[in-house]
Amino acid sequence: MEKFNIAVVGATGMVGRTFLKVLEERNLPIENFYVFASKRSAGNTLTFNNKEYTVLELNEASFTDYKIDIALFSAGGGTSLKFAPIAAKSGCIVIDNSSAWRMDPNVPLVVPEVNAPDILKHNGIIANPNCSTIQAVVALNPLHKAYDINRIIYTTFQAVSGAGMGGYNDLSEGLKGNPPTKFPHPIAGNCLPHIDVFLDNGYTKEEIKMVEETRKILHAPELKITATTVRVPVFDSHSESINVEFNKSFELTELVETLKNGEGIILEDDVQNNIYPLALNAAGKDEVFVGRIRRDESVESGVNLWVVADNIRKGAATNAVQIAEWIIKNV
Ligand code: A2P
């Protein structure tokens, strides 16, 4: 089997380290492996498949020097904006976890369970969607195909790990009574209706990412979507309340079956026994968990869902590695 030179850019970060873990677990056909970060951590070592790798400082020549075939980026938007085109020009395929390229019409935005063939349209850069959007569209795609979604209302309950190490520290330190350094308010014992920056229309950028990225991934540019995104005192895994309205009518049992058969979905919906998706149970897993499925009785054809997934794995690293696997198999 052909083997590939694979690099992780931002390998020392929260998502970067999970890239390494997921790449190990899924056993990709790797010839040479490289880990890049900034000057700050160059020279440190990271363990991958029981071998020590020295962290290299990323520079303009990195991709040609090492003949990298596929690079997984999670080093912030600025690094992606600058280095993804340089990498692409050298023949490397970049899978970028930042928001820098997601809405570029020349860049596919991909959740493999939903729109893997979009990968074929790449010009060297493929974008990994926002964590909240990934888990939502895995659940919504089978429903959209079956019942034609008309409107979506998202309300999210997002883990602090989505804000990197700083978010994690604010919650753990906050639980000891210390003030926050990452968030503008204490997160321990609190809910912050504020993720990413506020825009002129009063929405946060996170909310608009969910709106725009859902439309792009589902190929539904006209879809009516609104979102409220909330940071909650949970370490790992995002939970989402999703209200969906359809153009077609549905039988609830059939809709549940449709979700049950959906790729990447695990149904956890047995309220008699207190079974529904939970952040603590989803942490460390790669699937999207769906439950609390009930008809929205206030509209003609609508449903409410509770959708939970590990935001660092399926919401970031696992999704990117799945894209790499698809490329290795099909491109
Ligand atoms: P470093 O450890 O050298 O700062 P997180 O999102 O968890 O904060 O991680 C961000 C990741 O992006 C880290 O691995 C960080 O490396 C890396 N990074 C930040 N700026 C750059 C840059 N200019 N070039 C390469 N990697 C960068």
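The values are calculated or read from the model by the stated rules, or taken from the named source; none is laboratory data. Not measured: the values here are computed from a predicted model. No Cβ is skipped: glycine too gets one built from the backbone with ideal geometry, and neighbour counts run over all protein chains shown.
Before moving on, here are some points about what is shown:
- The number of residues in the stretch 297-313 that are exposed (fewer than 15 other Cβ atoms within 10 Å of the Cβ) and touching a residue at least 40 places away in the same chain (Cβ under 8 Å) comes to 2.
- Of all the criteria given as (1) out of contact with any Lys or Arg (no Cβ under 8 Å at 6 or more places or on another chain); (2) among the charged types (D, E, K, R); (3) within 12 Å of the ligand (Cβ to nearest atom); (4) farther than 24 Å from VAL288 by Cβ, the one not satisfied by ARG17 is (4).
- Within the stretch 271-281, none of the residues are under 16 Å from the mean Cα position of the chain (by Cα), of a type in the set (Val, Ile, Thr) and in a strand (DSSP E or B).
Okay, residues lined up against (1) of a type in the set (Asp, Glu); (2) touching a residue at least 12 places away in the same chain (Cβ under 8 Å); (3) surrounded by fewer than 20 Cβ atoms within 10 Å (Cβ to Cβ):
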residue: GLU207; (1), (2), (3): yes, yes, no
residue: LYS216; (1), (2), (3): no, yes, no
residue: THR226; (1), (2), (3): no, yes, yes
residue: HIS238; (1), (2), (3): no, yes, no
residue: ASN243; (1), (2), (3): no, yes, yes
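- Among the candidates GLU57, GLU52, the residue that is without any contact (Cβ under 8 Å) to a residue 24 or more places away in the chain and more than 14 Å from the ligand (Cβ to nearest atom) is uniquely GLU52.
- Of ASP96, ASP69, all but one fail to be of a type in the set (Asp, Glu), modelled with pLDDT of 95 or more and within 14 Å of the ligand (Cβ to nearest atom); the exception is ASP96.
- With respect to the conditions (1) surrounded by 18 or more Cβ atoms within 10 Å (Cβ to Cβ); (2) closer than 30 Å to ALA136 by Cβ; (3) more than 16 Å from the ligand (Cβ to nearest atom), ASN27 lacks only one, and its number is (1).
- Cβ-Cβ distances below 8 Å connect the following pairs, each with a first residue in the stretch 22-39 that is over 14 Å from ASN319 (Cα atoms), a second residue that is surrounded by fewer than 13 Cβ atoms within 10 Å (Cβ to Cβ) and of a type in the set (Ser, Thr, Tyr), and a separation of six or more residues or different chains: VAL35/THR54.
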